[in-house]
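Colleague: Mind looking over this structure? Questions follow.
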Amino acid sequence: MPKPLLRLLAGLAFGREVDNGAVVTEGIERIGAQDIAYASEFGYRIKLVGSAIETDKGVEQRVQPCLVPQSSVIGGVGGVFNAVFVEGDNVGEANFVGRGAGDGPTDSAVAADIIDIAIVLRQPVFSVPAEDLKPAKASPMSDHEGPYYLRLQVLDEPGVMAGITVILGEADVSIDSIIQRGRAPGEPVPIVILTHDTKEGVMMEALERLKAHPAMQEDPRLIRIENF
């Protein structure tokens, strides 16, 4: 989902002007086949997710790859299908799934845009004229809280796993699950960790300490988990 589209959806959802520059974006270039396989073992799929959430600090906006449950609506979409998950104060949770590509869906979307342009002459799309929208304060990403997927490539040496758990423990990062298989003394091996809910700022501090660990063979791979 591109940043401008997320910004428009956030504006519609919250009735305020959202700063396009405040949208945190991250691509899929660092996602590897190992990550897809490990995510599947944990019961997740990796999807590029656009998310806008109103918090007590402001509006948090992100476009990032995330682990989502295989059994969820978003986890089950593929091909030309898109899914939108909405949670409202009174309506609760609602899911919308439809085709996002192809001649028919594109024609329908263009026609809908033309109709919206005509309607806006009589009724503002955002309930008020766009120029009257009040700016929305951006919620800092460091305040985001949720579980994380962490893949480490380390030398298989005595004490490495203990050192990793000490770093995470000292940062107050609680471990939910770990995958560590086989032995290859002196060779690089993967360690995959799922955490419990953790603040982003805390997770990033722990990540910097992990990068400095002498057994680390490459930068840790971090993916956020969204349990829609």
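Colleague: Tell me which residues, restricted to segment 167-178, are open to solvent by less than 20 Å² (accessible area, probe 1.4 Å) and in a helix (DSSP H, G or I).
Modeller: Within segment 167-178, ILE167, LEU168 meet the criteria.
Colleague: Could you list, in sequence order, the residues of segment 65-96 that are touching an Asp or Glu at 6+ places or on another chain (Cβ under 6 Å) and modelled with pLDDT under 95?
Modeller: If the condition is that a residue be touching an Asp or Glu at 6+ places or on another chain (Cβ under 6 Å) and modelled with pLDDT under 95, then GLU87, GLU93 are the ones that fit.
Colleague: Any idea which residue in segment 21-45 is farthest from GLU93 (Cα to Cα), counting only those that are of a type outside the set (Phe, Trp, Tyr), open to solvent by less than 50 Å² (accessible area, probe 1.4 Å) and part of a helix (DSSP H, G or I)?
Modeller: ASP35
Colleague: Take the conditions acidic (Asp, Glu) and either within 18 Å of TYR148 (Cβ to Cβ) or within 14 Å of the chain's Cα centre (by Cα) (or both) and apply them to GLU17. Does it pass?
Modeller: no
Colleague: Out of all the residues in segment 179-228, which are open to solvent by 30 Å² or more (accessible area, probe 1.4 Å), in contact with a strand residue (DSSP E or B) (Cβ under 7 Å, 6 or more places away or on another chain) and in contact (Cβ under 8 Å) with a residue 40 or more places away in the chain?
Modeller: PRO190, HIS196, ASP197, LYS199, GLN217, GLU218, ARG221, ASN227, PHE228, listed by residue number.
Colleague: What is the number of the single condition among (1) out of contact with any helix residue (DSSP H, G or I) (no Cβ under 7 Å at 6 or more places or on another chain); (2) among the basic types (Lys, Arg); (3) at pLDDT 95 or above that ARG209 does not meet?
Modeller: Here ARG209 meets the rest and fails (1).
Colleague: Which ones in segment 47-64 are open to solvent by 40 Å² or more (accessible area, probe 1.4 Å) and either more than 13 Å from ALA22 (Cβ to Cβ) or out of contact with any strand residue (DSSP E or B) (no Cβ under 6 Å at 6 or more places or on another chain) (or both)?
Modeller: LYS47, LEU48, GLU54, THR55, ASP56, LYS57
Colleague: So, one more: For the structure I just gave you, tell me whether ARG62 is in contact (Cβ under 8 Å) with a residue 24 or more places away in the chain, assigned to a strand (DSSP E or B), among the charged types (D, E, K, R) and at negative phi. Explain how you work it out, then say what you get.
Modeller: Details: in contact (Cβ under 8 Å) with a residue 24 or more places away in the chain: yes; assigned to a strand (DSSP E or B): yes; among the charged types (D, E, K, R): yes; at negative phi: yes.
Yes.
Colleague: Being assigned to a loop (DSSP other than H, G, I, E, B) and either open to solvent by 30 Å² or more (accessible area, probe 1.4 Å) or not small (Gly, Ala, Ser) (or both) is the filter here, so list the residues in segment 65-93 that pass it.
Modeller: Result: GLN70, SER71, VAL77, GLY78, GLY79, VAL80, ASP89, ASN90, VAL91.
Colleague: In addition: For segment 1-20, give me each residue that is part of a helix (DSSP H, G or I) and surrounded by fewer than 19 Cβ atoms within 10 Å (Cβ to Cβ).
Modeller: At the first step, the residues of segment 1-20 found to be part of a helix (DSSP H, G or I) are 3-14, 20.
If the condition is that a residue be part of a helix (DSSP H, G or I) and surrounded by fewer than 19 Cβ atoms within 10 Å (Cβ to Cβ), then LYS3, PRO4, LEU5, LEU8, LEU9, LEU12, ALA13, PHE14, ASN20 are the ones that fit.
The values are calculated or read from the model by the stated rules, or taken from the named source; none is laboratory data. This structure is a prediction, so every number in the text was calculated from the model and none was measured. Neighbour counts run over all protein chains shown; Cβ positions are idealised from the backbone, glycine included. Side chains are part of the model used for accessible areas, which takes the heavy atoms of the whole protein and leaves out ligands, DNA and RNA. Shrake-Rupley method; radii C 1.70, N 1.55, O 1.52, S 1.80 Å.
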